[in-house]
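Novice: Submitted below is the structure of interest, expressed as C-alpha cells.
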Amino acid sequence: MYLSEGEDPDSFAKTNILEELTHYLNENAKDFIQFKASVLYEESKNDPIKKAETIRDIINSISKIPDRIKKEIYIQECARIMDIREEVLFSTRHKLIIKKLRVHQKRRKISQKHLM
C-alpha cells in the first residue's frame, strides 16, 4: 500500500480505515535519524559546506539519544549514508560534547555570580 500521487499521510488517514492506516505506517515507517540523514544528504550532497552543516546537525541529533549503543549504531548508519568515515563523526560528536560542557560551565559560573 502506497500513497497516491498528491496524497499525504493526513489525506490518507481521512480516506482509509484505521487498520489500513496502521498497516501503512507499520510498513513504511522510517527511523527519524535515518530519514533526516537521507533527506538532508540529498539536499546537500553537491555542496560541501551544506554537507558539513548537515553532518553536524545530524550528529547533534544523535548526541541527544541517551542509549550509547544506539548512538554508535546511528553514527555508523550516518557514516554510511553520508559517505564519511565513522572516526570523523565520533570526533565531531566528542567536540560537540566538550562545547556543550563549556557552555554549561560558563552559564553555571554566571548564575553563581548573580546569587552572590
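Novice: List the aspartates and glutamates whose alpha-carbon lies under 17 Å from that of Lys50, not counting same-chain residues fewer than 8 positions away?
Specialist: Here the aspartates and glutamates satisfying the reach criterion relative to Lys50 are Glu42, Asp83.
Novice: In region 1-78, which GluC sites (Glu not before Pro) fall in coil by DSSP and have 16 or fewer other Cβ atoms within 10 Å? It would help to have the intermediate numbers written out before the result.
Specialist: Details: sites: Glu5, Glu7, Glu19, Glu20, Glu27, Glu42, Glu43, Glu53, Glu72, Glu77; in loops: Glu5, Glu7.
Here the GluC sites (Glu not before Pro) that fit, given the DSSP loop and packing criteria, are Glu5, Glu7.
Novice: Of Thr22, Thr92, Thr54, which has the largest mean-square fluctuation in a 10 Å C-alpha GNM of the chain?
Specialist: Residue with maximal mean-square fluctuation among Thr22, Thr92, Thr54: Thr22.
Novice: Any chance you could tell me what percent of the C-alpha pair distances in the chain go past 16 Å? List each step's numbers first, then the result.
Specialist: Working: 4608 of 6670 pairs.
That fraction is 69 percent.
Novice: With a cap of 14 neighbouring Cβ atoms within 10 Å, and only residues DSSP puts in a loop, list the chymotrypsin sites (Phe, Trp or Tyr not before Pro) found in region 1-98.
Specialist: Numbers: sites: Tyr2, Phe12, Tyr24, Phe32, Phe35, Tyr41, Tyr74, Phe90; in loops: Tyr2.
Counting only loop positions with at most 14 other Cβ atoms within 10 Å, the chymotrypsin sites (Phe, Trp or Tyr not before Pro) in region 1-98 are Tyr2.
Novice: Mind checking which lysines have their Cα closer than 19 Å to the Cα of Lys100? Skip sequence neighbours fewer than 8 apart in that chain.
Specialist: Here the lysines satisfying the reach criterion relative to Lys100 are Lys64, Lys71, Lys109.
Novice: Using alpha-carbon pairs under 8 Å, 6+ residues apart, how would you state the relative contact order of the chain in percent?
Specialist: Reported as a whole number, the value is 19 percent.
Rule-based calculations on the coordinates, nothing more; no lab input. Everything numeric here is computed off the predicted structure, so don't read it as measured data. Please note: Cβ atoms are built from the backbone with ideal geometry, for glycine as well, and neighbour counts cover all protein chains shown.
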